[in-house]
């Protein structure tokens, strides 16, 4: 049984904050992993989870920066992780598994956006490799702990998922477009959640993807100021001018709603926005989820591709549900 891709009337909305959606939710004794949980929306998620009683692990490419950012937040620990380096991903997972702990929440938050053409590993396009393949490998390596915890896995996507997959050239070897590459990575985040939910639900693991909204954070570090002025996001002084933009506290709210809300008990495999399940996208309007991003066949195709590229698949011995 899959969750219908329609709003459930959560009572929250675009201006709800992380603290709002966690109000009354007790997370003491729970363990959460938040990649990139030391900057932007990830840091807000880390703070809110810790305030609710969770033990939060923040895997970070810049460990010293992360330690400084989370200093003073009780219940947070930092470890090394570079999502663009599969050896680093495996090393983090092995250290965590060796601790014997279960995982209750995983938030795949870390990512890059619209960067210049760069390649990692065997020539992989960096946005696809970092935003998707690194998280794919991480969750598969951590699967024993995730399954024991009956965890929720949250993949942070974007409205850019509507650009879809470039199946014939996923690494943009025949012409690079930074925004198309970003959109593909965000579509991959949604498809990953769809298939992980199908594979993991019998173990009590549910997966969600989400769009946090538009927020000014370090994610825009590869964009020129002039580009953001021209887009109407900020003025020439750097002041936000788009009234639809959220604060980081509001942007992190959908993270935490997907990760911990009791309203989602028994649900999964859906794309969320503004602290509710999103409606299907309608051409010519903003918001919603595009059909290609929740297509089970495309989700299974991406999973197989990702497993082949990374060499890791926790479900390799089991057939894919419904296929």
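Every number in this text was worked out from the coordinates using simple rules, so none of it is lab data. Keep in mind that what you see is a predicted model, and the values were worked out from it rather than measured. When we count neighbours, we look across all protein chains shown, and the Cβ atoms used for this are built from the backbone with ideal geometry, even at glycine.
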| request: Go through 173-182, 292-301 and give me the packing order, highest mean Cβ count within 10 Å leading. | output: 292-301, 173-182
| Theoretical ellipticity at 222 nm over the chain - DSSP helices of four or more residues, -39500 (n - 2.57) apiece, nearest 500 | -10000 deg cm²/dmol
| field | Nitroxide proxy distance, nm - points 7 Å out along Cα→Cβ at residue 102 and residue 176 | value | 4.4
| query | Roughly how many Å is it from the Cα centre of the range 263-310 to that of the range 43-114, as a whole number? | reply | 24
| request: Compute the FRET efficiency between residue 115 and residue 74 as 1/(1 + (r/R0)^6), taking r as their Cβ-Cβ distance and R0 = 30 Å, and round to the nearest 0.05. | output: 0.30
| field | Structure-derived semi-axes √(5λ) of the Cα gyration tensor in Å: which label, when the choices are [x] 41, 21, 17; [y] 25, 24, 21; [z] 35, 28, 15 | value | [y]
| field | Ranked packing of 269-280, 196-207, most packed first, by mean Cβ within 10 Å | value | 269-280, 196-207
| said: For the chain, give me the percentage of DSSP beta bridges that are antiparallel, rounded to the nearest 5 percent. | reply: 15
